[in-house]
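Undergrad: There's a structure below that I have some questions on.
Every number in this text was worked out from the coordinates using simple rules, so none of it is lab data. These figures come from a predicted structure and were not determined experimentally. Cβ placement follows ideal geometry from the backbone for every residue including glycine, while neighbour counts extend to all protein chains displayed.
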Amino acid sequence: MPLFIVIASLVVLILIHELGHFAFAKYFGVRVDEFGIGIPPRLFGKKIGETLYSINLFPLGGFVKMQGEDKAEPGERSFSEKPIYQRAIILFAGVAAFFIMAIVIFSVVSTMGVRHVVSAEETNITDPQVMVMGVAPDSPAENAGVKMGDVIFGINGKEVTTIDELVSEINDEKVTLSFLKGEEVIDLELTPRVDYPEEEGAVGLSMVLTSEESYPFYIAPLQGVKMTFNITSNVIFGFYSMISSFVTGSELPPGMEIGGPVKIVEVGAESMQRGLVDYLNFIGIISISLAVLNILPIPALDGGRLLFLGIEKIKGSAISQKLEQNLNAVFFLLLITLMIFVTFKDIQGIL
């Protein structure tokens, strides 16, 4: 059931993204030939008016097929005949839909109670919890199954509410950490290392102290915008670190890893076990990540198409249609290959 809910949530996010394109295409009078959920081949479809609404085999994807989008076509309802600003709005609307969805989610979360990182010196702390923010590779914590986002409830049978209390109990002997998974307490045994990198600690955990704060409904939307902005900044930094590591051949920063659809579903199911607030936070972060990914100036993505429109605006004419089609096809193939590769790695990690 958790896996089904995560997959269904991702499909809903994609549906909202495509609805952004669809709504503004209709608004500007562009003919929409097909509104598809999933990646072809098509399983079934129904034509309503001039638009075919289809369900396709692979669920994690979607598309809006507009007249004149992939190939210039004459006619007042053709995408290619619309002014550049209208085409840009139609393309950006999908990205904007992801951000709007994130703001709505984080606004709801803000009324339920948001956890903030606080310092140990603060006195006004509500429901203090020690949260795992990073797990070092091949560390005792990773080998025991500790995950980022886990809440440490106690150690060796003693309840802890500060990081100092927890660290003081860790020596060179086996310890038992108690974690909150939703309403359930799970105990994991770890054997601290004798020799270890100083920045990782004896068990390989990076931890922060958090406090819970909820907001009234009339302030929650402002908090939702603030959270969306902050998380977007972090996601952009994450993409930058990933691309930089790939180009330079260096390792990813501690706690960061590349995952595909399988990993996303796995992490989503784990967040669901920690409770509704954690799961909504997960969906909000995924929505922002998809928005940032889509706006990257890479052919075959919305950002790439916007890049082509920018070039058209600067030079006064569209780039070669054949060149654009070839670039889109090549990068689409590369993206699919990358997705298959990371999915294979995710499956290997599970097995």
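Undergrad: Over segment 117-213, what is the relative contact order in percent, taking alpha-carbon pairs closer than 8 angstrom and at least six residues apart?
TA: 39 percent
Undergrad: On to the next question. Just to confirm the number: angle between the C-alpha axis of helix 276-295 and the first principal axis of the chain, 0 to 90 degrees, nearest 10?
TA: Relative to the chain, helix 276-295 is tipped by roughly 40 degrees.
Undergrad: Assuming a ≥ b ≥ c are the square roots of the Cα gyration tensor eigenvalues, decide whether the chain counts as rounded (a/c under 1.5), prolate (otherwise, with a/b larger than b/c) or oblate.
TA: prolate
Undergrad: Would you kindly state the longest site-free stretch of the chain, with sites defined as chymotrypsin sites (Phe, Trp or Tyr not before Pro) in a DSSP loop (not H, G, I, E, B) surrounded by at most 14 other Cβ atoms within 10 Å?
TA: That gives 1-216 as the longest site-free run.
Undergrad: Starting from the Cα of K46, step 7 Å along the direction of its Cβ; do the same at I314; then give the gap between the two resulting points in nm.
TA: 4.7 nm
Undergrad: Here is a follow-up. Give me the one-decimal nm value for the distance between modelled label points at L57 and V247, 7 Å along each residue's Cα-to-Cβ direction.
TA: 3.7 nm
Undergrad: Roughly what angle does helix 2-27 make with the longest principal axis of the chain, taking Cα atoms, 0 to 90 degrees, to the nearest 10?
TA: The angle comes out near 30 degrees.
Undergrad: A further question follows. Work out the length of the dipole vector of segment 117-213 about its Cα centre, built from +1 on the beta-carbon of each Lys and Arg and -1 on the beta-carbon of each Asp and Glu, and round it to the nearest 20 debye.
TA: That gives segment 117-213 a dipole magnitude of about 240 debye.
Undergrad: Still on this model: Give the average over all directions of the projected area of the C-alpha convex hull of segment 117-213, one decimal, in nm².
TA: That works out to 6.1 nm², a quarter of the Cα hull's surface.
Undergrad: State the extension gain, in nm to one decimal, for the chain segment bounded by M1 and N124, taking 0.36 nm per residue of separation less the distance between their alpha-carbons.
TA: Gain on stretching M1 to N124: 40.4 nm.
Undergrad: Give me the angle, in degrees from 0 to 90, between the Cα long axis of helix 220-248 and the longest principal axis of the Cα atoms of the chain, rounded to the nearest 10.
TA: Approximately 90 degrees, to the nearest ten.
Undergrad: Just want the answer: with Cβ charges of +1 for Lys and Arg and -1 for Asp and Glu, which residue in S289, P59, I152 is farthest toward the dipole's positive end in the chain?
TA: Highest projection toward the positive end goes to P59.
Undergrad: Something else about it: Any chance you could list the semi-axes, whole Å, largest first, of the equivalent ellipsoid that the Cα gyration tensor gives for segment 1-100, using √(5λ)?
TA: 26, 16, 10
Undergrad: With +1 on the Cβ of every Lys and Arg and -1 on the Cβ of every Asp and Glu, and nothing else charged, how large is the dipole of the chain about its Cα centre, in debye rounded to the nearest 20?
TA: 2360 debye
Undergrad: Can you flag which of K71/K345; K147/K174; K65/K315; K46/K322; K71/K315 are past 30 Å Cα-Cα?
TA: Correct reply: K71/K345; K46/K322.
Undergrad: On to the next question. What list do you get for T161, T51 if you sort them by fewest beta carbons within 10 Å?
TA: T161, T51
Undergrad: Quick one: order V135, V194, V265 by neighbouring beta-carbon count within 10 Å, fewest to most.
TA: V194, V265, V135
Undergrad: Can you pull out the GluC sites (Glu not before Pro) in segment 32-107 whose DSSP state is coil and whose Cβ has at most 11 other Cβ atoms within 10 Å?
TA: Listed in order of number, the matching sites are E50, E76.
Undergrad: According to the square roots a ≥ b ≥ c of the eigenvalues of the Cα gyration tensor, what is the shape class of segment 1-50, taking rounded for a/c under 1.5, prolate for a/b larger than b/c otherwise, and oblate for the remainder?
TA: Verdict is oblate for segment 1-50.
Undergrad: Over segment 70-180, what is the mean sequence separation of C-alpha contacts under 8 Å (at least six apart), divided by residue count, expressed as relative contact order in percent?
TA: Over segment 70-180, the number comes to 16 percent.
Undergrad: May I ask you to work out the translational diffusion coefficient for segment 302-351 at 10 °C, viscosity 1.306 mPa s, via Stokes-Einstein with Rh from the Kirkwood sum over Cα pairs, reported in whole µm²/s?
TA: 123 µm²/s
Undergrad: Of T162, V208, Y196, which is farthest on the positive side of the dipole of segment 117-213, counting Cα position, with +1 on Lys and Arg Cβ, -1 on Asp and Glu Cβ, and the Cα centre as origin?
TA: Towards the positive end, the residue furthest out is Y196.
Undergrad: Quick one, can you get me the convex hull of the C-alpha atoms of segment 212-351 expressed as volume per residue in Å³?
TA: Roughly 155 Å³ of hull volume per residue.
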